[in-house]
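Just below is one structure, and these are the notes that go with it.
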Amino acid sequence: MAIAHASTVNFIHWSAEAFDPAWVTNTLFSTSINFDLAVFECFVPLSIGASVHLVANALSLPEGSQDVTLVNTVPSAVGALLDASALPESVRCVNLAGEPLKKALVERLFAEPYVAEVRNLYGPSETTTYSTALTMRRQQGYVGGIGNPIANTRIHILDAWGQPCPIDVVGELHIAGAGLARGYLNRPELTAERFVPDPFGAPGSRMYRSGDLARWQADGSLDFLGRNDHQVKIRGFRIELGEVEAALQACPGVREAVVLARQDGEHQRLVAYLVAEDSTSVEGLSLEALSPESLSPEALRTQLSTRLPEYMLPAAYVRLPALPLTPNGKLDRQALPEPDASALGCSAYEPPQGPVEETLAALWCELLGLAQVGRHDDFFVLGGHSLLAVQLASRVRSSLGLEVALADLFAHPRLAEFALALAHASASTLPAIVPVARDLPLPLSFAQQRLWFLAQLDARASAAYLMPGSLRLQGPLDEVALARALDRIVSRHEILRTSLVQQPDGRVVQLIAAADVGLPLRVLDLSALPDPQDQAQRL
C-alpha cells in the first residue's frame with residue numbers, strides 16, 4: 001500500500017482535535033507496526049506529547065500497563081480482555097475498529113465503571129486507517145452505525161450503476177478525500193480496479209471502492225451492513241451472512257456468533273459458530289459446562305426459524321469456548337473447525353432396522369453428504385431442505401417403487417417415523433422415463449402449452465416472454481468465428497432448435513431441427529455511415 005505522508009498528517013490532525021487529550025495521555029501500543037491501527041496508536045499520542053505503552057500482546061498486559069488510558073484495537077481482542085478481566089481500570093476510552101461492533105460488547109464495556117467513552121471507527125487501510133467515527137458516551141450507551149466522515153473525507157453510497165442511493169437504501173460504500181492512498185505498490189491493475197474516478201469531486205479526483213455495504217440514515221449518519229463478498233448464494237438464494245449472525249446473536253444465551261458457508265464435496269451448507277454467554281476462554285473448560293440445553297442445534301434451529309426463512313437456517317451449530325483470533329486480534333476464520341456429528345444435531349446413533357430404513361438411510365447419506373444416519377435422526381436438522389426433499393421423493397420412487405408426498409416427510413422428518421409412513425404409501429404407477437427419437441413430432445410440455453395458449457389468445461402476449469439483449473464487442477470482428485460459435489450453441493441446446501407446429505388434426509407438437517441446422521446470422525455493416533453508433537442505437 002502506498003500512502004502519502006499528507007494523508008497521515010490529515011488523519012493525525014483530525015485525531016488531535018477529535019480526542020480529549022486526557023484520554024490519549026497513556027495510549028496502549030499493542031499492534032504490529034505493519035497493521036494500519038498502529039498509525040493511531042503510535043503517531044497520534046506522540047504528536048501531542050503523550051505517552052505510548054509498548055506491549056507485545058494486548059491479551060497479556062504487563063504490570064506497567066496499569067496506567068493506560070486509551071486502548072485502540074479490534075472488538076474480538078477487547079472481548080478477550082473482558083473475559084480475562086484484564087482490561088486496566090485506568091482505561092477511560094476504548095477505540096474499536098476492524099470488525100462490526102456489536103451492542104452486547106459495548107454494554108459489557110460500559111458495565112465497567114471506569115470506561116467513559118467507546119468509539120466505533122471504520123476505515124480500510126486504503127484510506128489511512130479510519131474514514132468515519134462514532135462516539136458513544138456512558139450516559140447515552142450504545143448507538144448503532146459507524147457515524148460520520150472524519151475531516152476532509154467524503155463518503156458516497158452508490159448503487160450498481162454508480163448512482164447515489166437515497167436514505168435507507170443499501171449500496172456500496174465509496175471513500176474519497178485526503179486519506180486516499182496512492183494505490184497498491186507495483187499492482188497497477190488492482191489499483192485501477194479499486195481506485196476509480198470520483199464523478200462527484202473535482203476533475204481528476206478519485207474514490208476507493210470499499211466492497212462494503214452501507215446506507216445513509218435519516219440523521220445523516222452511516223449504517224454498516226457488512227461485506228458484499230460476505231453474500232453467498234445457496235440453492236439459488238442470496239444470503240447475507242451478517243443477517244444470519246445477527247439473528248443468531250439475538251437468541252438467548254448466545255454472546256458471539258459467526259456464520260460461514262462451507263463446501264463439502266457437492267454440498268454447500270451454512271455453519272454457525274457460537275460462544276455462550278457464560279463461556280470463558282480458559283483452556284480445558286468442557287463445552288457441556290458452557291452450553292445450556294437451549295443452545296442445542298435443534299433448539300437454535302427452532303428459535304431461528306421464527307426469525308429467518310428456511311433457506312437461511314444454518315445446517316450445523318458449532319459451540320466454542322471462544323472464537324479464534326489472529327495475532328492482531330481479529331477473527332481468524334481459517335481457524336474455525338469443521339463441524340462434527342454433534343454440530344449437526346444427530347441423535348444418539350442407533351442403526352437402521354429393516355430393509356426400508358436401511359434404504360432410506362443410504363439415500364439420506366447420499367443426499368446430505370453424511371457418513372452415517374441413525375434411525376432417530378431428523379432429515380431437516382441434518383441439513384435437509386425442500387429441494388433435497390423433492391430429490392428424496394424421486395429416489396424413494398426409483399429405489400422402493402413408492403409414491404410419497406412431500407408433506408409426509410415434513411410431518412415425519414425422523415428416519416424411523418418416515419419409514420413407518422411409507423408403509424401406507426401407494427405403489428408408483430408412473431411409467432419409466434425413456435429416451436425418444438428426436439426426429440418425430442413430440443407433445444408439448446405443460447409450460448409450452450401455456451405459451452401456445454397465450455399466443456393464440458393475444459399475439460402480443462408472446463412478446464412478454466421474450467428476453468432481448470445486446471452485447472457490445474470492441475476490436476476486429478471475425479464473422480466466421482462468431483458464426484461458428486453461435487452454431488455450436490444452437491447445436492448443443494435442443495430448445496434453440498425447437499419450434500411449435502399445429503398439425504392438420506389440430507394437435508400442436510414440437511419439432512426439433514437437426515443439430516447441424518445452424519443459426520441464420522444477419523450482419524449489418526454500419527461502419528461506412530456518418531454516425532455508425534447513432535444508427536446502431538436506432539436499430
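In the set ALA437, ALA455, only one residue is free of Cβ contacts under 8 Å to residues at least 12 places away in the same chain, more than 41 Å from the chain's Cα centre (by Cα) and surrounded by 10 or more Cβ atoms within 10 Å (Cβ to Cβ); that residue is ALA455. Pairing each residue of the stretch 153-164 that is touching a residue at least 12 places away in the same chain (Cβ under 8 Å) and assigned to a loop (DSSP other than H, G, I, E, B) with any residue that is surrounded by 17 or more Cβ atoms within 10 Å (Cβ to Cβ) and small (Gly, Ala, Ser), provided the two are 6+ apart or on different chains, yields C-beta distances under 6 Å for ASP159/GLY171. Applying the set (1) aliphatic (A, V, I, L, M); (2) farther than 30 Å from GLU350 by Cβ; (3) touching a residue at least 24 places away in the same chain (Cβ under 8 Å); (4) open to solvent by 50 Å² or more (accessible area, probe 1.4 Å) to LEU444 leaves exactly one unmet item: (4). In summary, LEU290 fulfils each of the numbered conditions (1) touching a Phe, Trp or Tyr at 6+ places or on another chain (Cβ under 9 Å); (2) of a type outside the set (Ser, Thr, Tyr); (3) modelled with pLDDT under 85; (4) buried (at least 16 other Cβ atoms within 10 Å of the Cβ) with the single exception of condition (1). Annotation for the stretch 461-474: at least one member residue is touching a helix residue (DSSP H, G or I) at 6+ places or on another chain (Cβ under 8 Å) and open to solvent by less than 80 Å² (accessible area, probe 1.4 Å).
Is it the case that the stretch 357-375 has a residue that's under 23 Å from LEU270 (Cα atoms), open to solvent by 70 Å² or more (accessible area, probe 1.4 Å) and touching a strand residue (DSSP E or B) at 6+ places or on another chain (Cβ under 8 Å)? No, because not a single residue in the stretch 357-375 is under 23 Å from LEU270 (Cα atoms), open to solvent by 70 Å² or more (accessible area, probe 1.4 Å) and touching a strand residue (DSSP E or B) at 6+ places or on another chain (Cβ under 8 Å). PRO413 meets the conditions (1) within 35 Å of the chain's Cα centre (by Cα); (2) open to solvent by 70 Å² or more (accessible area, probe 1.4 Å); (3) modelled with pLDDT under 90 in every case but one. The failed one is (2). The set of residues from the stretch 126-142 being open to solvent by 40 Å² or more (accessible area, probe 1.4 Å) and either without any contact (Cβ under 8 Å) to a residue 12 or more places away in the chain or closer than 16 Å to ASP20 by Cβ (or both) comprises ARG137, ARG138, GLN139, GLN140.
Every test in (1) free of Cβ contacts under 8 Å to residues at least 24 places away in the same chain; (2) surrounded by 17 or more Cβ atoms within 10 Å (Cβ to Cβ); (3) in contact with a helix residue (DSSP H, G or I) (Cβ under 9 Å, 6 or more places away or on another chain) is passed by THR191 save one, and that test is (3). Only one entry of GLU99, GLU89, GLU41 meets the criterion of being in contact with a Lys or Arg (Cβ under 8 Å, 6 or more places away or on another chain) and within 28 Å of GLY144 (Cα to Cα), and that entry is GLU99. In the stretch 168-273, counting only strands (runs of 3 or more DSSP E) that sit wholly within it, the ones holding 3 or more residues that are at pLDDT below 90 and closer than 29 Å to ARG108 by Cα span 222-227, 254-264.
Across the stretch 37-48, which residue is farthest from VAL78 (Cα to Cα) among those that are free of Cβ contacts under 8 Å to residues at least 40 places away in the same chain and among the aliphatic types (A, V, I, L, M)? Among them, the one singled out is ILE48. Restricting to the stretch 296-310, and then to whatever is more than 14 Å from GLY253 (Cα to Cα) and polar (S, T, N, Q), can you tell me which residue is modelled with the highest pLDDT? Applying the filter and picking the extreme gives THR306.
Apart from one condition, PHE35 fits all of (1) at pLDDT 85 or above; (2) under 27 Å from ALA178 (Cβ atoms); the exception is (1). If you take the residues of the stretch 2-12 that are loosely packed, with under 14 Cβ neighbours inside 10 Å and in contact (Cβ under 8 Å) with a residue 40 or more places away in the chain, which of them is farthest from SER76 (Cα to Cα)? Among those that are loosely packed, with under 14 Cβ neighbours inside 10 Å and in contact (Cβ under 8 Å) with a residue 40 or more places away in the chain, it is ALA6.
Of all residues in the stretch 171-188, those satisfying the criterion of being more than 20 Å from ILE150 (Cβ to Cβ) and crowded, with 17+ Cβ neighbours inside 10 Å are GLY171, GLY183, TYR184. Within the stretch 13-28, if we keep just the residues that are among the aromatic types (Phe, Trp, Tyr) and open to solvent by 20 Å² or more (accessible area, probe 1.4 Å), the residue that is farthest from ARG137 (Cα to Cα) turns out to be TRP14.
Would the stretch 319-340 turn up any residue that is in a strand (DSSP E or B), open to solvent by less than 10 Å² (accessible area, probe 1.4 Å) and modelled with pLDDT of 85 or more? No, the conditions are met nowhere in the stretch 319-340.
Residue pairs whose Cβ atoms lie under 8 Å apart, sitting 6 or more positions apart in sequence or on different chains, and linking a residue in the stretch 348-360 that is touching a residue at least 60 places away in the same chain (Cβ under 8 Å) to a partner that is open to solvent by 100 Å² or more (accessible area, probe 1.4 Å), are PRO352/GLU358.
Apart from one condition, ASN34 fits all of (1) among the polar types (S, T, N, Q); (2) free of Cβ contacts under 8 Å to residues at least 60 places away in the same chain; (3) part of a helix (DSSP H, G or I); the exception is (3).
When the residues of the stretch 418-434 are narrowed to those that are polar (S, T, N, Q) and either under 38 Å from the mean Cα position of the chain (by Cα) or exposed (fewer than 12 other Cβ atoms within 10 Å of the Cβ) (or both), which ends up nearest to ALA514 (Cα to Cα)? It comes out as THR429.
Selection over the stretch 351-388 of residues that are at pLDDT below 85 and assigned to a helix (DSSP H, G or I) gives a count of 4.
Here GLU41 fits the description: crowded, with 23+ Cβ neighbours inside 10 Å and not aliphatic (A, V, I, L, M).
The values are calculated or read from the model by the stated rules, or taken from the named source; none is laboratory data. All values derive from a computational prediction rather than experimental measurement. Here Cβ is always computed from backbone atoms with ideal geometry, including for glycine, and neighbour counts include all displayed protein chains. The protein model used for the area step is the full one, side chains on, heavy atoms only, and it has no ligands, DNA or RNA in it. Shrake-Rupley method; radii C 1.70, N 1.55, O 1.52, S 1.80 Å.
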